[in-house]
Amino acid sequence: MKIRSVNFEKGVVSHSALPKDGTFEVAFAGRSNVGKSSVMNSLLGRSKVAKVSKTPGRTREVNFFKINESFYFVDLPGYGYAKASGYSRAIWAPLILKYLEEREELKAVVLILDVRRKPNDEDLTLVDFLREVGATTVVVVNKCDKLPLQQRQKQIKIIADHLHLQAHDLVQFSVSKGQGRDSLWKTLELLLTPEK
Ligand code: GDP
């Protein structure tokens, strides 16, 4: 995918403010610090997402980036700080769950995990929810450079088992090594292509 433009469209905190232009979109979800912004930036070949999404006031928004004037990357707020569990429940739940369940433009959810950690309750709850509502989910296991091959394969198997998936269903990714980028783009391009 050749990226010609990345423009921040808007940050959204209520359902009524979601873009209504019918553009297809891919949303990115993950526990804080798994490298969600880094993965998005790596796909886009620039650092726009972190710059916008990590500015004060924007970390709790659903941030829409228009790519090549033709589709959106949607950065969902990170979840999972223990001290923010009230926030996770209060904000993540209503706006985002409704978004994931009802948004017709949403063609895929990319769930990002850290290869060194097994999915926690919040990850599992989200995966179950996405299955329940029939949202296409692509699981990306990031920071693969952090583990040597054998340990990595072991972890991938453990993560896949927890999610009731096969190891080959997971996209192994490393922002620092550029691993998984082409493979993830191929999957996303297919999902974003309008059906003929
Ligand atoms: P976010 O909170 O999920 O958006 O996470 P960030 O994108 O801010 O990344 C959190 C930290 O992990 C940063 O210090 C990144 O440089 C680092 N990081 C992200 N992806 C990778 C990766 O693939 N490998 C390594 N070694 N570090 C990464």
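The values are calculated or read from the model by the stated rules, or taken from the named source; none is laboratory data. None of the values given here were measured: they were computed from a predicted structure. Virtual Cβ from ideal backbone geometry, glycine too; neighbours counted across all protein chains shown. Just the protein is used for accessible areas: all its heavy atoms, side chains included, with ligands, DNA and RNA removed. Shrake-Rupley method; radii C 1.70, N 1.55, O 1.52, S 1.80 Å.
Stretch Lys157-Thr59 to full length: gain in nm at 0.36 nm per residue minus the Cα-Cα span?
Working: separation 98, 0.36 × 98 = 35.28 nm, distance 3.18 nm.
Fully extending the segment from Lys157 to Thr59 adds 32.1 nm.
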message: Skipping prolines and chain starts, which residues have an amide H placed within reach, meaning under 5 Å, of the one on Val110, given they are 5 or more residues away or on another chain?
response: Ala27, Phe28, Ala29, Val138
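For the stretch 4-59, what Kirkwood radius comes out of the mean inverse Cα-Cα distance, in Å? Write out the running numbers ahead of the final one.
Details: mean 1/r = 0.0786 Å⁻¹.
Evaluated over the stretch 4-59, this radius sits at 12.7 Å.
Given the stretch 102-169, report the % of alpha carbon pairs whose separation exceeds 15 Å. Don't jump to the answer; show the numbers that get you there.
On the way: 1195 of 2278 pairs.
Of all Cα-Cα pairs in the stretch 102-169, 52 percent lie more than 15 Å apart.
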message: Cα atoms only: what Rg and Dmax, in Å, come out for the chain?
response: 15.8, 48
query: Listed highest first by mean packing, meaning other Cβ atoms within 10 Å per residue, what order do 101-111, 10-20, 36-46 come in?
result: 36-46, 101-111, 10-20
- prompt: Using helices alone, what [θ] at 222 nm do you get for the chain, with -39,500 (n - 2.57) per DSSP H run of 4 or more residues, divided over all residues and rounded to the nearest 500?
  reply: -9000 deg cm²/dmol
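Per residue, how much accessible area does the chain show when a 1.4 Å probe rolls over the protein heavy atoms, in square angstrom?
Details: 10020 Å² over 196 residues.
On a per-residue basis, 51 Å².
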- request: Output the relative contact order of the chain, whole-number percent, from Cα pairs under 8 angstrom with separation of 6+ residues.
  value: 23
query: So how far apart, in nm, are the two label points at Glu189 and Lys2 if each is 7 Å from Cα heading toward Cβ?
result: 1.2
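With a 1.4 Å probe and every protein chain kept in, tell me what percent of the accessible surface of the stretch 6-192 is carbon plus sulfur.
The C+S portion of the solvent-accessible surface of the stretch 6-192 is 50 percent.
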query: Could you give me the ³J(HN,Hα) list for the stretch 167-176, computed from phi with Karplus coefficients 6.51, -1.76, 1.60 and θ = phi - 60°, whole Hz, x at Gly and Pro?
result: 4, 6, 6, 8, 8, 7, 9, 9, 4, 5
task: Just add up the charged neighbours of Asp182: K/R +1, D/E -1, any other residue whose Cβ is under 15 Å from the Cβ of Asp182.
output: +3
